[in-house]
């Protein structure tokens, strides 16, 4: 918690116009502080940092749940194509209905994520789907959704397209309060819900038969959990585009910190995810300043080797 | 082609050779069609005149500088990708393998982008180097551990590597606006805007790659039976593997250097071909060459016609056709 807060404050304080961290903390908590900084902090940096925080949480928890449902340490929404589905429908939405308010974007992304999840379930589930088939089919669906997204980008109105492109690269660049509010309710509903279901995740992890024996209504729980994953991933993607590998890395790091029990795992994973996105955003802004790298690029550059490392560690299984 | 026991081997060879001949004729027809059709329709007589009695009129210019190079490019790139895919599948004994899925094309693309960033122009050598390094890495990642080279590890490592290399490419492009302007078009996987002067330097590499692939047919057929069997039959499997990998790098690198990363041709075509001619690589490779050229030529012509006068990047066309096929293969071939 402290680390997250620290990352948040540093992300706000560093940048092209540096603000001392202490002043940042004072301004956020409403203590008397130098009013010169108030504008930079409150309207530019704070909403952006908060969006990064929430998106990191959403992606991380979505990843934790999908890894538990699939009983597969490699099954994160970005690898299964759920994020690509969300971004496809969101781009279609941005290009076809440019006039609708931005609050509808999470709904569109949710529908896209849901569609891909259904396809996955339908194509790959075969009485407790094999993890490998799931991932391979996810890779295929990712490619397909990616192709249709490029199609939309090629033929949309040029103004809408440039907007969609900024959004697609997976960045929290220029996110303001107007982006934060539509995201908030999704997280406020589905984060606590997944916490409530943490115990069921533990039992599901033991295998369907055992979970049923322990009195868990497997199918129903599983569909609710799936809904949580899809909603969290969809809303996060709708706000910040496809920031990859957070849903993969955060749960693993958290598992090393607190062990496999989901009651502890979910909150820690959420905080880890928030930290990752926050730091990735910070790194993206500072590394090559004044040019900004989208934090999606940073997370992929760190996350893909991490993924390969996981593969290496599991090489004998 | 049926392979009933009563049919003598020589007779089936005759049929297959005949098939190659017919395939070549169809390919020629597609080549002509892809020259004829487009934003401006041109009649066959004009094409003939443009090739042999060039008079400098608009139609003749279109044919000589736009349509003809593009048609040739489609056939070359399609053939190169399909053969590279067929060899990769034989080499790894993996139905889902193809240079683009294993990240080899992404490696070549990243190397090209890096070269443009550093020296202002990307030469062919960089594409080969990128493809070779990526191929080596993905092979090492896929074969680590006790179980050796398994299809699944190879594909998953390839997918992660593709994402990594793709992100690095994106990052470089964002950092360097000038690089982006230079190669944005190429990066989408497109056959448009190349003239013969760009194609000619690459031609020898593709020709060498395709020709030497035909020499590897027998060895690949043996290798596909399993390494132990192949070695028992007297095959120097290590050398065959190195040679085959070199051909893949040559073909995939050239194709990427010419047309950018065009996906799924290398995956789909070998399967379609195998469906027709069986498991003998001596026939699979020439047929893959024909079918790859045919497929990309048709896909490109379609990409130009669907929404005239605009055109779709051909990479999108091939992915829309190829990705569902990949999913189908994953469903039917991976049972575990």
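Read-outs: derived from the displayed coordinates by stated rules, not from any lab. A quick note: this is a predicted structure, and the numbers were derived from the prediction, not measured. Positions of Cβ are backbone-derived with ideal geometry, glycine not excepted, and every protein chain shown enters the neighbour counts.
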Quiz item: For chain B, what is the calculated [θ] at 222 nm in deg cm²/dmol (nearest 500), taking -39500 (n - 2.57) for each run of four or more DSSP H residues and dividing by its residue count?
Solution: -24500 deg cm²/dmol
Quiz item: Taking the highest mean first, how do the peptides A:187-200, B:239-252 order by number of other beta carbon atoms within 10 angstrom per residue?
Solution: B:239-252, A:187-200
Exercise. Work out the mean other chain Cβ neighbour count within 10 Å for the residues of B:310-321 and drop it here as an integer.
Key: 3
Quiz prompt | Calculated FRET value between residue A:258 and residue B:325, using beta carbons and R₀ = 41 Å, to 0.05 | solution = 0.45
Quiz prompt | Computed FRET value (nearest 0.05) for residue A:100 with residue B:233, which takes r as the C-beta separation and R₀ as 45 Å | solution = 0.10
Quiz item: Measuring from centroid to centroid over Cα atoms, what is the spacing of region A:47-73 and region B:215-264 in Å?
Solution: 41
Quiz item: What's the center-to-center distance, using Cα atoms, between region B:49-71 and region B:307-330 in Å?
Solution: 29
Practice problem: Return the single residue from B:96, B:18, B:223 with maximal mean-square fluctuation; model: Gaussian network over chain B, springs between Cα atoms under 10 Å. | Solution: B:18
Quiz item: Averaged across the residues of B:132-142, what count of C-beta atoms belonging to other chains lies within 10 Å of each residue's C-beta?
Solution: 1
Quiz item: With a 10 Å Cβ neighbour count serving as the proxy for reagent exposure, in which order, fewest first, do B:173, A:94 appear?
Solution: B:173, A:94
Quiz prompt | Two-site FRET efficiency, residue A:177 against residue A:312, from Cβ-Cβ distance with R₀ of 41 Å, rounded to 0.05 | solution = 0.45
Exercise. Going by C-beta contacts inside 10 Å, put B:318, B:163, A:229, A:154 in order with the fewest on the left.
Key: A:154, B:163, B:318, A:229
Quiz item: What is the order of A:104, B:283, fewest Cβ neighbours within 10 Å to most?
Solution: A:104, B:283
Quiz item: Any idea how far the Cα center of region B:89-124 sits from the one of region A:132-148, in Å?
Solution: 20
Quiz item: Could you give the nm distance between label points at residue A:184 and residue B:118, where each point is 7 Å from its Cα heading toward the beta carbon?
Solution: 5.0
Quiz item: Which whole number gives the average, over all residues in A:261-268, of C-beta atoms from other chains lying within 10 Å of the residue C-beta?
Solution: 0
Quiz item: Between residue B:136 and residue B:306, how many nm apart are label points set 7 Å from Cα along the C-beta direction?
Solution: 3.9
